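These notes concern the structure reproduced below.
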Amino acid sequence: MSFDIMNCPRCKKLFHKVRQNVCPDCVKEIDREYEKCYKFMRKKENRACNVHDLSEATGVSVNQITMFILEGRLSIDNNPNMSYPCRSCGEPLRAGSLCDHCTDNLKKIASYMKEDEQKRWEEEAQEKRERSALYRSGRDE
């Protein structure tokens, strides 16, 4: 039986990790923060708020609000001004964790890496063929 003892990344207290990556006290606090955000966003008069307005009104950090949205706990469908930052460049998003520009850049990088890998593989294969040809020609003499 393994015991995962770790420091809570939120409050730094030592705790026994079972399922959550934060201690039980912080789980309760996060749930309270979620309730504050949810109740605020449900009110019709608050539907025009943005993530900074929500943070200011509830005392919940922008990062935590973003996590609620990304986890699917908070829906921003009825809040047209609500967005959160791209994890790479900070551009406002309403879906996903990367904007189109950063996604395209990552795809290009992956494509370049794949091309480089293919070239390396082809060069290695050519080198092996050349070594093999030298070995065979040396034996024929």
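Can you tell which of Ala95, Ala125 is farther than 30 Å from Lys36 by Cα and of a type in the set (Gly, Ala, Ser)?
From the options Ala95, Ala125, the qualifying one is Ala125.
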Any residue in the range 11-40 that is within 16 Å of Ser75 (Cα to Cα) sitting within a Cβ distance under 7 Å of a residue that is among the aliphatic types (A, V, I, L, M) and surrounded by fewer than 12 Cβ atoms within 10 Å (Cβ to Cβ)? List the pairs, counting only those 6 or more apart or interchain.
none
Condition check for Glu130: over 21 Å from the mean Cα position of the chain (by Cα), assigned to a helix (DSSP H, G or I), modelled with pLDDT of 90 or more and acidic (Asp, Glu)
no
Would you point out the residue of the range 79-126, among those that are over 30 Å from His52 (Cα atoms) and among the aliphatic types (A, V, I, L, M), that is modelled with the lowest pLDDT?
Ala125
Helices (runs of 4 or more DSSP H) contained in the range 4-123 and holding at least 3 residues surrounded by 11 or more Cβ atoms within 10 Å (Cβ to Cβ) and among the hydroxyl-bearing types (Ser, Thr, Tyr)
none
Residue list for the range 39-79, restricted to those being in contact with a Phe, Trp or Tyr (Cβ under 9 Å, 6 or more places away or on another chain), among the polar types (S, T, N, Q) and more than 16 Å from Ser97 (Cα to Cα)
Asn46, Thr58
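The values are calculated or read from the model by the stated rules, or taken from the named source; none is laboratory data. Predicted model, so just to flag it, every value in this text is computed and none were measured. Neighbour counts are summed over all protein chains in view; Cβ atoms, including those assigned to glycine, are modelled from backbone coordinates with ideal geometry.
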